[in-house]
Amino acid sequence: MKTPKGLIRNYLMKSHYKTFTISVLIMAISGLSLQGAHHLRNSLNEGTPDIQSTGPIAFGPEGILFIADPKGATIFAVDTKDQTASSGNQSPINIENIGMKTAAVLGTSKDRILIQDLAVNPISGNAYLSVSRGRGPEGKAVILKVGPKGKLSIMDTKSINFSKISLPNAPDPNAKGRRGRSPRQQSITDMAYLDGNLIVAGLSNEEFASTLRSIPFPFKTADKGSSIEIYHGAHGNFETRSPVRTFVPFDIKGKSHIMAAYTCTPLVKIPVEQLKPGKHVKGITVAELGNRNNPLDMIAYKKSDRNWLLMANTARGIMKITTDELSSAPGITDRVSGKKGVSYETIEDWKGIKQLDALGSSLALVLQETDSGSQHLVSLPLP
Amino acid sequence: MSRLWIKILTPTTINSIVVGFLFIAPVYSGYPDSSTWIVLENKNSENPVFLVKNALEEVSQDKTEPPTPPENLSQFLQIKVHTGSELVPFDLPSIIGNYRMMNRDLEFRPTFPMERGLTYRATFHQYKFRKFLKIPTDEKMSAIVSGDFTIPRENRIPSTLVSAIFPTSDAMPENLLKFYIHFSAPMNRGNVYSKIHLLNQEGKPVLYPFLEIGEELWDPFVKRLTVFFDPGRIKRELQPRLEFGLPLQAGKQFTLVIDPDWLDAQNLPLKEGFKKPFKVISSDFTSPDPAKWLVTPPRQESRDPLRVVFEEPLDHALINRLISVATHTGEGVEGSLSIHAGETLLKFLPETHWKKGSYKLIIDKDLEDLAGNSVGRPFEVDIFNQVEKQVELKFMEIPFDIR
């Protein structure tokens with residue numbers, strides 16, 4: 001049986017947030033009242049969020065779920081009220097044909113839904129899927145909750161506590177006098193809560209811009225956070241603006257970093273203190289990935305007293321990356337010196353992983369797609 | 001209200017649905033006089049309703065008031081989707097919605113509208129329901145009342161087309177960054193990259209040329225898809241490019257192919273596929289330079305278009321969004337843009353006649369050429385041989401006069 005201390009450490013290593021205070025966690029684990037510790041939940045107000053589309057989702061503290069709405073260019077924070085701590089070891093969640101079953105619950109067929117993202121509530125161990133019912137422009141946003149016994153239910157968004165922040169879209173100087181809405185849309189590729197900020201990575205469907213936005217939470221209308229341009233330098237020679245595909249907060253020697261994978265594949269570390277507006281932020285390349293390794297999703301976890309990163313990508317298999325050298329790695333800046341960066345191994349058995357999140361301290365919950373297109377929700381022991 | 005069909009299930013039909021039903025209760029066939037049946041009302045609307053008619057009917061014969069129904073009515077009536085095309089798992093969940101008793105009828109309102117072309121099987125466990133409510137049951141009563149309801153597909157023929165692919169030029173730089181694929185009607189999202197192929201001069205597919213991201217870069221109307229080339233294959237010195245090379249090679253012919261079986265938002269395939277052959281020219285590492293543009297102002301009191309000729313083809317979507325016309329005091333001139341000649345010619349047609357005076361073309365420096373070099377910054381900056389311009393302002397202006 002795991003000690004609370006061990007659990008706390010593992011929870012702190014979770015993928016999507018790290019600022020869960022130890023005191024809150026201890027209370028959650030021991031089932032004590034959380035009264036008085038809900039300062040973030042208290043910032044939410046009752047109402048019905050107008051979520052137009054579903055993109056990535058991520059958990060913050062206190063069971064708060066962040067939902068990205070790319071069509072509405074808005075991020076919602078909703079109180080799931082899913083605060084009952086899982087007792088003992090986390091139960092695995094395994095649902096065959098999750099695509100077909102999700103479609104069945106929504107009264108449709110699997111070719112008419114899209115599962116956009118997966119997030120596990122670290123308090124309860126329940127999984128949440130961000131789903132679009134319908135694949136056309138009228139697709140409806142649905143958040144599906146998956147219990148440990150595989151029970152599927154829809155998160156009712158009527159009269160819930162929530163807050164939202166609209167993302168400033170690129171100004172359209174021609175909007176005036178031109179009919180219709182701009183076809184520009186900012187896709188949100190990943191987000192994570194870290195130390196009072198929601199960090200959001202986006203990719204435009206027009207310019208190859210790279211913006212990482214750091215938005216203070218609780219949301220304030222007046223402060224939509226700062227947009228930070230992220231660059232990538234290939235071996236010290238060529239520098240490009242490089243959109244971040246996926247990232248995970250990570251502590252390196254007590255300093256907050258994000259470990260990020262660019263769309264152009266290199267894995268970099270970026271000190272969070274650098275994420276300031278107007279700063280020329282260039283990630284420090286710690287590993288270079290080969291072709292077909294377009295990153296999809298990433299988590300951090302601890303096993304055998306060592307920290308690891310696990311990254312799903314478009315190639316077959318999943319990458320397990322050591323982090324021991326992260327603090328000392330100066331970064332790959334010079335191809336001639338032959339530096340290879342941090343080491344990683346590819347776990348070939350994990351095939352077709354589209355999404356992943358940590359499920360308790362020893363499992364990963366993955367959305368796996370087979371060659372035939374069937375999707376399954378599978379709990380796998382962390383490698 | 002229309003009664004679609006009623007079926008008293010025989011053991012054989014039950015077997016064919018779900019084996020588990022056999023264990024619920026004894027099943028009796030040959031009870032043709034059942035007064036309980038299922039109907040579907042408002043089937044084509046946003047608010048369809050399943051009704052188990054007379055779920056409590058027979059009670060009325062010996063009781064004045066029917067018994068109070070249980071709160072959890074979902075255990076007695078389930079509606080499941082049957083696609084008919086594949087094996088349905090034994091544990092396929094029911095569709096979600098709200099249950100309630102309406103007098104003697106059991107009502108189910110699905111949360112979402114029903115879909116055309118799908119069959120919904122409603123199963124009412126009447127034996128279980130009556131047992132639960134301690135209503136007398138007839139020995140010959142069927143355990144289950146069931147009905148299949150299909151919302152027919154509209155009789156439509158495929159009509160959606162690829163209406164344009166940008167860049168329209170037939171010569172692309174080796175480091176081309178993206179295509180825009182425009183459709184004549186909204187499309188289905190999901191698995192788009194399997195429908196797009198890049199063929200080399202020999203007609204063989206180029207492997208993994210594009211950035212495949214699950215979010216898929218559609219516009220809000222799902223009528224335009226942006227397809228980026230894998231930036232790891234374009235940026236110099238990166239592992240993917242070193243291993244596999246550029247997806248396009250100068251001096252060679254390539255063809256972008258769109259499969260006809262790509263489904264539109266009505267779940268119909270395209271009317272036909274699309275092929276865009278093009279030749280590849282050398283890489284472009286330099287930023288567009290508005291100082292080299294040729295601006296031809298129209299005459300005053302005319303409604304002729306302002307013509308701007310670029311020194312190289314520019315990004316179609318960004319021209320539309322990032323170039324505008326204003327008076328010299330900065331007041332926007334309303335009008336419409338059109339883009340011609342392989343994205344090298346812009347025509348701006350004002351809404352009203354041109355007045356004599358000074359104007360300016362305003363260019364956002366994020367405007368890119370076909371290789372992602374923006375006015376403010378090349379796609380790749382050579383750090384040892386800095387060619388990046390020092391850009392302080394976000395906009396550039398080109399003044400012109402209307403005489």
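The values are calculated or read from the model by the stated rules, or taken from the named source; none is laboratory data. It should be emphasised that the depicted structure is a prediction, and the values quoted were computed from it without experimental measurement. No Cβ is skipped: glycine too gets one built from the backbone with ideal geometry, and neighbour counts run over all protein chains shown.
Of all the residues in the stretch A:185-218, those that are out of contact with any Phe, Trp or Tyr (no Cβ under 6 Å at 6 or more places or on another chain) and of a type in the set (Phe, Trp, Tyr) number 2.
For the stretch B:160-181, the candidate set comprises residues that are within 14 Å of chain A (Cβ to nearest Cβ) and surrounded by fewer than 17 Cβ atoms within 10 Å (Cβ to Cβ); within that set, the residue that is nearest to residue B:256 (Cα to Cα) is B:164. Restricting the first member to the stretch A:77-101 and to residues that are within 14 Å of chain B (Cβ to nearest Cβ), and the second to residues that are assigned to a helix (DSSP H, G or I), the beta-carbon pairs closer than 7 Å and six or more apart or on different chains are A:95/A:101; A:99/A:110; A:100/A:110. In the stretch A:370-383, the residues that are over 19 Å from residue A:314 (Cβ atoms) reach residues that are among the hydroxyl-bearing types (Ser, Thr, Tyr) with C-beta atoms within less than 7 angstrom, at least six apart or across chains, in these pairs: A:381/A:362; A:382/A:301; A:382/A:362. Go through the residues of the stretch B:247-265 one by one and say whether even a single one is at pLDDT below 95, within 12 Å of chain A (Cβ to nearest Cβ), more than 18 Å from residue B:182 (Cα to Cα) and surrounded by fewer than 16 Cβ atoms within 10 Å (Cβ to Cβ). For the stretch B:247-265, residues at pLDDT below 95, within 12 Å of chain A (Cβ to nearest Cβ), more than 18 Å from residue B:182 (Cα to Cα) and surrounded by fewer than 16 Cβ atoms within 10 Å (Cβ to Cβ): absent. Taking the criterion of being at pLDDT 75 or above and assigned to a loop (DSSP other than H, G, I, E, B), the residues of the stretch B:84-103 that qualify are B:91, B:92, B:93, B:94, B:95, B:96, B:103. Evaluate the following for residue B:238: is it among the aliphatic types (A, V, I, L, M) and assigned by TED's automatic domain parsing to the domain that holds residue B:325? Taking the combined requirement at face value, the residue does not satisfy it. Scanning the stretch B:215-241 for residues that are more than 7 Å from chain A (Cβ to nearest Cβ), out of contact with any strand residue (DSSP E or B) (no Cβ under 7 Å at 6 or more places or on another chain) and hydrophobic (A, V, I, L, M, F, W, C) turns up just one, B:234. Filtering the stretch A:104-119 to residues that are among the basic types (Lys, Arg) and at the interface with chain B (Cβ under 7 Å from one of its Cβ atoms) leaves only A:112.
The set of residues in the stretch B:145-166 being part of a loop (DSSP other than H, G, I, E, B), in contact with a Lys or Arg (Cβ under 9 Å, 6 or more places away or on another chain) and more than 20 Å from residue A:108 (Cβ to Cβ) consists of B:157, B:158, B:159, B:160, B:161. Residues in the stretch A:287-313 that are modelled with pLDDT under 90 and either in a loop (DSSP other than H, G, I, E, B) or over 13 Å from residue A:248 (Cβ atoms) (or both): A:287, A:288, A:289, A:290, A:291, A:292, A:293, A:294, A:304, A:305, A:313.
Of everything in the stretch A:40-62 that is touching a residue at least 12 places away in the same chain (Cβ under 8 Å) and assigned to a helix (DSSP H, G or I), the residue that is nearest to the chain's Cα centre (by Cα) is A:61.
Of all the numbered requirements in (1) more than 9 Å from chain A (Cβ to nearest Cβ); (2) outside any strand (DSSP E or B), residue B:198 misses one, and that requirement is (2). Checked against the criterion of being modelled with pLDDT of 95 or more, within 25 Å of residue A:371 (Cβ to Cβ) and not assigned by TED's automatic domain parsing to the domain that holds residue B:317, the candidates B:176, B:225 yield just one match: B:225. One residue alone among A:171, A:183 is touching a strand residue (DSSP E or B) at 6+ places or on another chain (Cβ under 9 Å), under 20 Å from residue A:140 (Cα atoms), surrounded by fewer than 21 Cβ atoms within 10 Å (Cβ to Cβ) and at pLDDT below 90, and that residue is A:183. Filter the stretch B:104-132 down to the residues that are outside any loop (DSSP other than H, G, I, E, B) and facing chain A (nearest Cβ under 9 Å), then identify the one that is farthest from residue B:149 (Cα to Cα). Selected residue: B:110. Counted as qualifying within the stretch A:127-170 are the strands (runs of 3 or more DSSP E) with 1 or more residues that are within 21 Å of the chain's Cα centre (by Cα) and away from chain B (no Cβ under 11 Å), namely A:127-133, A:140-146, A:160-166. Evaluate the following for residue B:244: is it touching a strand residue (DSSP E or B) at 6+ places or on another chain (Cβ under 9 Å), among the aromatic types (Phe, Trp, Tyr) and not assigned by TED's automatic domain parsing to the domain that holds residue B:117? For residue B:244, the condition - touching a strand residue (DSSP E or B) at 6+ places or on another chain (Cβ under 9 Å), among the aromatic types (Phe, Trp, Tyr) and not assigned by TED's automatic domain parsing to the domain that holds residue B:117 - is not met. Could you list all residues from the stretch A:314-345 that are among the hydroxyl-bearing types (Ser, Thr, Tyr), at pLDDT 70 or above and not in a loop (DSSP other than H, G, I, E, B)? Result: A:322, A:344. When you look at residue B:281, is it more than 14 Å from every other protein chain (Cβ to nearest Cβ) and within 17 Å of residue B:371 (Cα to Cα), yes or no? So residue B:281 passes the test. For residue A:272, the conditions (1) within 12 Å of chain B (Cβ to nearest Cβ); (2) surrounded by fewer than 24 Cβ atoms within 10 Å (Cβ to Cβ); (3) modelled with pLDDT of 85 or more are fulfilled apart from (1). Once the stretch B:343-376 is narrowed to residues that are crowded, with 18+ Cβ neighbours inside 10 Å and at positive phi, the residue that is farthest from the other protein chains (Cβ to nearest Cβ) is B:343.
Selection of first residues in the stretch A:186-206 that are farther than 16 Å from residue A:260 by Cβ and of second residues that are hydrophobic (A, V, I, L, M, F, W, C) and not in a strand (DSSP E or B), restricted to Cβ pairs under 7 Å at least 6 apart or on distinct chains, gives the following pairs, ordered by first then second residue: A:186/A:73; A:186/A:167; A:196/A:217; A:206/B:317; A:206/B:318.
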